[in-house]
Amino acid sequence: MKLAPPERRLPAGVTATAFIVAGAAAGLCVARFTGGRTFPTPRVVDALIAIALGVGATTTVVFSLLLLVVQWAGNALTPRLPLFRHDPAVWRTFAYLMAVFVFCLTAMLNVGNRGTTSAAVPAFALLLAIGAALALRNLQIKAFNSMQLAPVLHTVTENGRKALETLRPDPHAATAAGPDGQGVDVRWPHPPAAFHAVDADRMIRMATAADAVIEMRTAVGSRLETDSVIARVHGGPIPADAVVGALTTGPERIFRQDPLFALRLLADISLRGLSGLNAPATAVQALNHIDDLLRLAAQVTHDQGQLTDGTGRIRLTVPLPSWDDYLRTALDDVINAAEHSPMTLRRLRELLDRLAAETTGPDHDTVGSRLHRVQTALAALEDR
C-alpha cells in the first residue's frame, strides 16, 4: 500500500494576496505602454470604472453562491459535506476577481492625467473581464452540481475510491518484522483537531535516518485530543516535534487519506432521505454508491498498513479501518433507520447478499449478522 501524499495548497489569504499584487503590477506595467492605437483617456477611464464596478458587484455572487450552496447541502444532505466550500475554484475565483478590480483601479490612476491612452490598456482590461466571466460561469456550474443529488453522490464516491485505492495490498511488497519493544510515546501538543493526513515519505525518511520505526497510534480521520498519544517511536531517537510536523490537521475531516469519510457522508445522505426528507428513493440512491465502495473496501488492506523504505524494511505503520469499521460506518445506522422502509430494506438485502457471496471467514460472518437483521426487519414488515 502507499498513502496518498498530503494535499499541498496555498491558504486562501495567501492566494488572494498574490493575485492582488499581480493585478496591481499588471496595472502599472500596462499603463506605461504608449505605442499603437490610442483612445481619449476619459473614455478609457470610463471603461475601467465600468469594469471595476461590474467585477466588484460580481464578487458578491461568489459569497452568495457559497452561502446558498453550503446552507442547502447542510439542510438537504449533510452538514458535513465539504465539497463546494473546500473547492479551490471558489477562492481562486474570488482572488482573480479582486485582481481584476485592482488592475482597473491601478491602470485608471496611472493614465488619468494623459490626453490619450494606448488601446492596450482597455484591451487588457477587456481580456481580464472575459476571464472573470468564464471563471464565474465555471463557479456557477460547480454550485449547481453541488445542489444536485447525483453529482454529489458521484463526487463523494470518486473521492472515496481514491482513498481506498491507496490501501490495496502490494503483492510484491517484502515482508518484514514490525516494531518491537515499548518505544517512546509522541503526544499531540496542540488543541483538538481532525487528523487529515500523514506525510508518509517524510516519516519514512526520518525513520530511515534514525534506524527507527514510527508506529502511528491514531487513525487518519480521528480527532486528535490534546496530550493524547498519537505515535510511538521504536529504535533510534526521533524528535517529537518532527513527528507532529509530519501530520496535517484541520477543523473537519477531508477525503485525502480517510477511507471512511466518503462512506460516512453517503450514510448521512441515506439517513436524511429516510428521516427528514421522507424520501426512501434518495436513501436507495445513496446505497447504490455505498455498495460500490464496500465492494472495493473488501479488497483493501485492513487493520494496519505497513510502509517500507527502499530496502524493504518497515519504517512506518498506520492503523487502518477494519472490515467491521467499514460496515458499521456505512450500514448500521441506515439499517436501524430503514425498519419501516421496504424499498430501502430490499436494497440493503441485495447489497449484503452480494457482499456475503464475495467474502469468507470472519468477514463473511460480519456481513451475515447484518444480513440477518435486514431479513428479520423485512419479514416483519411483510407480515403486517
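Annotations for the structure displayed:
- Annotation: amide H-H contacts under 5 Å for Ala119 (H modelled 1.01 Å from N, sequence separation of 5 or more, or interchain): Arg37, Thr38, Phe39.
- The chain: most fluctuating residue of Thr317, Thr248, Thr360 per GNM, C-alpha cutoff 10 Å: Thr360
- Quotient of C-alpha Rg and 2.2 N^0.38 Å, computed over the chain: 1.28
- Net charge of neighbours whose Cβ lies under 10 Å from the Cβ of Gly245, counting Lys and Arg as +1 and Asp and Glu as -1: -1
- Note on the chain: GNM, Cα springs under 10 Å; of Thr15, Thr282, Thr157, the largest mean-square fluctuation is that of Thr15.
- Rounded Å value of the spacing that divides the Cα centres of the range 67-132 and the range 178-233: 41 Å
- Span-like helix ranges in the chain, DSSP H, alpha carbon extent 30 angstrom or more, Kyte mean at least -1.0: 41-76, 88-111, 120-146, 361-382
- For the range 298-342, with +1 on Lys and Arg beta carbons and -1 on Asp and Glu, the positive-most of Thr308, Ala338, Pro321 along the dipole: Thr308
- Over the chain, dividing the summed -39,500 (n - 2.57) contributions of all DSSP H runs of at least 4 residues by the number of residues returns a 222 nm mean residue ellipticity of -19500 deg cm²/dmol.
- Put a plus charge on the Cβ of each Lys and Arg, a minus charge on the Cβ of each Asp and Glu, and nothing anywhere else: the dipole of the chain about its Cα centre is then about 1660 debye.
All of the numbers you see were taken from the coordinates with simple rules; none came from a lab. These figures come from a predicted structure and were not determined experimentally. Virtual Cβ from ideal backbone geometry, glycine too; neighbours counted across all protein chains shown.
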